[in-house]
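The structure appears below as structure tokens.
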Amino acid sequence: MQVDHTAPASWVNTRIKQDEVFKYMDHGRDFIPDDEIEAKIRVDEGKEPDPQQVRAILAKSMAIKDLTTDEVAVLIRVNDKAMLEEMRQTAFNVKQKVYDNRIVTFAPFYLGNYCVNRCSYCGFNHDNDTCKRKVLNDEEIRHEVEVLAGKIGHKRLIVVYGEHPKNDVDYIVESLKTIYSVKTKTRNGTNSIRRVNVNAPPFSIADLKRINEAGIGTYQVFQETYHKKTYARMHPVNTIKGNYNWRLYCMHRAMEAGIDDVGIGALFGLYDWRFELMALVYHTQELEKRLGIGAHTVSFPRLQPALNSIITPDWPYLVSDEDFKKIMMIIRLAVPYTGMIVTAREKAEIRNEAVMMGVTQMDASSRIEIGGYSDVVTAQKENKQQFILGDTRSLDALIRDLAAMGHVTSFCTAGYRCGRTGKCIMDLLRSGTEGKFCKLNAVLTFQEWLDDFASDDTKRLSQPLIDREINEIKQKNPQALDIFINYYERVKKGERDLYL
Ligand code: SAM
Ligand code: SF4
């Protein structure tokens, strides 16, 4: 039998602080102009754009400059196969120029699935009576982290929470402390979680300050759909999430609260993907204009089947694989220096292709049932997951596949611990100097992981990559060589968490 998981009205009704929305609005108007976006995607709709015009836009991306929304609308119209391949190649080249051949990995960690909201596409929605509710206690969090850090070898997590008094800000802060406190022994050294990014509901400035003080990396909130009519259809108005603007201005509040790295996203498949893509660009432009820094990461989850979801297979806005690939390449071209995350919602084949289109972050060995890392069998049986995963590759298998494609897996978490966040990291990325630190830290952390966790096959495939990277450091960054070699030798002897 289900326990009553209804939250008290006194809690629900005090979540939204309207003054923390209005103060950012422009004479009561938000920054998503629905009609303007619809008009832009209708210009020359169905007509292939002039190749010269497309190439001029690609050249702008290659110079690491943001695209305008009109330029994005032109790229959306490209359907010619050869031109799409040029776009893909440019997207990949842009990523290589800014981020080199590095891919950052992480794991999602779901701490609770209680939720007061009724998002019609999510398995955790309040009305889904088949969902068994759970929130992890301190000991259970420790057990999960012991597997994540001690057995799989993760160093970065994205923690995920529903919206409910049981997973409120006090719980979030305590759970972050617990996660950071777990130290595990490994084959040749030790490991712990060094960076926790947070995917949680939108909070007030005061609550966001507390979350920031707990030492987080990126704070993520996805708008789901930027299209107001669809938003209202998916999120009943009498729920907290039913307030479009409370969510839309969350990143303004996060930055005001001192969180430098914010992650935005849209759940592709709820409405016309072209609209959502344009709106994501409007969102990054707004953050840049009003707060001086764009989004640190952009996410583009694609809607997956979930228990009790209202989305049926004939839903008109489901995104095909071809369109999904186009979305990824256009995001890379539109915001050349922004991190892009493709999650294990997608199948392995799509994720491998995504790497060749400029994504920078991927999860692996992912479990999205509550308690799913330490007790897979019970968690699966009890049906506590939000949706169904498409890529169930282990971290070892993902790293091996990436290495075979020439990509180094980075576990670097130096950024927020030595102040390379927000505007600082964005400026380094734009100017192409970020690689100076990141390549060094990528090699150090990759070597750590290989020594502590890799299978023999993965080690064999990856070691030549490390040697190649070290050679590149010798040639391109000789002034850092001495200190790098000193750190590298210490890592090989079992010292851990050294970074530059
Ligand atoms: N409860 C918080 C919220 O809604 O912002 C954060 C956690 S929620 C579990 C994380 C994200 O999962 C949502 O923002 C949404 O984009 C995504 N999501 C929800 N249902 C999904 C589905 N059926 N398929 C794919 N992604 C989904
Ligand atoms: Fe709750 Fe988030 Fe799921 Fe909506 S998407 S029902 S807010 S967990």
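The number of residues in the range 233-282 being among the β-branched types (Val, Ile, Thr) and within 16 Å of ligand 2 (Cβ to nearest atom) comes to 4. The condition of being more than 13 Å from ligand 2 (Cβ to nearest atom), at pLDDT 95 or above and not charged (D, E, K, R) holds for only one of 143, 164, that being 143. Applying a threshold of 9 Å to beta carbon distances and a minimum spacing of six or more residues, or different chains, the list of pairs starting in the range 24-35 at a residue that is within 14 Å of residue 69 (Cα to Cα) and ending at one that is surrounded by 15 or more Cβ atoms within 10 Å (Cβ to Cβ) and of a type in the set (S, T, N, Q) reads 31/285; 32/223.
Tell me, please, whether a residue that is within 16 Å of ligand 2 (Cβ to nearest atom), over 21 Å from the mean Cα position of the chain (by Cα), open to solvent by 10 Å² or more (accessible area, probe 1.4 Å) and not hydroxyl-bearing (Ser, Thr, Tyr) can be found in the range 215-232. Within the range 215-232, one or more residues are within 16 Å of ligand 2 (Cβ to nearest atom), over 21 Å from the mean Cα position of the chain (by Cα), open to solvent by 10 Å² or more (accessible area, probe 1.4 Å) and not hydroxyl-bearing (Ser, Thr, Tyr). Here residue 158 meets the list (1) within 14 Å of ligand 2 (Cβ to nearest atom); (2) in contact with a Gly (Cβ under 8 Å, 6 or more places away or on another chain); (3) at pLDDT 95 or above almost entirely, failing just condition (2). Note on the range 357-403: residues that are assigned to a helix (DSSP H, G or I) and at pLDDT 95 or above total 9. Number of residues in the range 170-197 that are open to solvent by less than 10 Å² (accessible area, probe 1.4 Å) and over 20 Å from residue 152 (Cβ atoms): the value is 1.
The values are calculated or read from the model by the stated rules, or taken from the named source; none is laboratory data. Since this is a predicted model, take the numbers as computed values, not measurements. So basically every Cβ, Gly included, is an ideal-geometry build from the backbone, and we count neighbours across all protein chains shown. What goes into the accessible areas is simple: the full protein's heavy atoms, side chains included, and nothing from ligands, DNA or RNA. Shrake-Rupley method; radii C 1.70, N 1.55, O 1.52, S 1.80 Å.
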